[in-house]
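To keep things clear, I will list the structure first and then write my remarks on it.
Bear in mind that the values in this text are calculations on the coordinates, not laboratory data. Everything numeric in this text was worked out from a predicted model, so none of it was measured. Heads up, the Cβs are rebuilt from the backbone with ideal geometry, glycines too, and the neighbour counts pull from every protein chain shown.
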Amino acid sequence: MTSLILHHFDASPFSEKVRLILGYKNLAWQSVQVPRIMPKPDLMPLTGGYRKTPVLQIGRDIYCDTRLIARTIDRLAREPTLLPPGQAASVRALEHLADSQLFLAAVPVLFRPEGRKVLQEKLGDAYLAKFQADRAKLFQGGSVARPDEVFSRANWAPAMADLDAQLAESAFLLGDAPTLADFAVYHPVWYVRGNAGVAPTLDVYPHLLQWFARMRDIGHGRPTELAACEALEIASDCQEWQSLADTFDNSLGLSAGDAIVVSARDYGVDGVAGELVHLDALSVVVAREVEGVGPVRVHFPRVGFDIAGCA
Ligand SMILES: N[C@@H](CCC(=O)N[C@@H](CS)C(=O)NCC(=O)O)C(=O)O
């Protein structure tokens, strides 16, 4: 398999979802650290404007959003599966819960006084202020409001209680083995558990914590460090494309070669413009030319993204 390059930063919860999946599949991968806030001068040429973390690179193919990254890794390394037969919709529902509620609810938990104190000690006041200003911009123009403590109060504890109750009945969310649902739900819990100020708030959920330990022990597989400039070189040296699904979705009135702009709907909505290469039920692929690298293909999931240019 062509090498998997993950552009990520250590403290990123969505990156932790992917790192753990790479561990579950026992894969070797290359790790490129990206800045936690804008600008990201070595990554943006590859994505063409998409700024969220993480991004998976395989040669000249760039995969955005963990919903597609997870399914791509699962397609390339089939065992153990993340999507057992008959569970696709349940997995997607739990992944949606993690994306649209748990992650957003976790962020203000970290900014409660005990959590903020730890962040201040780790990052310093000046960087923390920059981080918050960057995240305020991240939420501009999207369909989702920047989460606040009211959102957290309404969503975090009720979800943790339900998860704890469900995990009292089985080792993993949907049975005896982890599925993509576990990796999706894990990362917001990891975010809160990783901050010593607010970590103890989870002590009241024993089953959740036992599951958390089982998930954590999966580890990150076999990463090796790679410099961002080396990742760009790998893209420009690459002679092949990743395979695409055979089916093309004609229902949007779009054809290969059409000029389109793809953007996330929730937050981080900067569009990526290019030529449509492929469209199916799960993904949309855009071709772009990158100075010094040549052509790249940027892949997005259909879920959560808008495709402008639709007839
Ligand atoms: N739906 C996206 C969400 C990714 C996301 O929100 N990641 C956070 C970091 S954990 C982010 O992009 N923050 C802003 C940034 O890194 O620039 C996914 O599944 O990949």
Under the helix-only model (-39500 (n - 2.57) for each DSSP H run of 4 or more, divided by the residues of the chain), the mean residue ellipticity at 222 nm, to 500 deg cm²/dmol, is -12000 deg cm²/dmol
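With viscosity set to 0.692 mPa s at 37 °C, what whole-number translational diffusion coefficient in µm²/s follows for the chain from Stokes-Einstein and a Kirkwood radius over Cα pairs?
On the way: Rh = 20.2 Å.
Answer, rounded: 163 µm²/s.
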Roughly how tilted is helix 88-97, in degrees to the nearest 10 and between 0 and 90, from the longest Cα axis of the chain? 70 degrees
Could you tell me how many degrees, from 0 to 90 and to the nearest 10, lie between the Cα long axis of helix 180-193 and the main elongation axis, the longest principal axis, of the Cα atoms of the chain? 50 degrees
Ratio of region 185-285's C-alpha Rg to 2.2 N^0.38 Å, to two decimals? 1.64
Any idea what angle helix 66-76 forms with the longest principal axis of the chain, computed on alpha-carbon atoms, 0 to 90 degrees, nearest 10? 70 degrees
Ordered by number, the GluC sites (Glu not before Pro) in region 146-253 that occupy a DSSP loop and have at most 12 other Cβ atoms within 10 Å are 169, 240
Compare the Cα positions of 213, 283, 267 along the charge dipole of region 207-297 (+1 at Cβ of Lys, Arg; -1 at Cβ of Asp, Glu; about the Cα centre) and return the one farthest towards the positive end. 213
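Out of all DSSP beta bridges in the chain, what portion is antiparallel? Express it as a percent rounded to 5. Present the calculation step by step, with values, prior to reporting the outcome.
Details: 28 of 39 bridges.
Around 70 percent of the beta bridges assigned by DSSP in the chain are antiparallel ones.
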Top of 288, 135, 19 by mean-square fluctuation, Gaussian network on the chain, Cα under 10 Å: 135
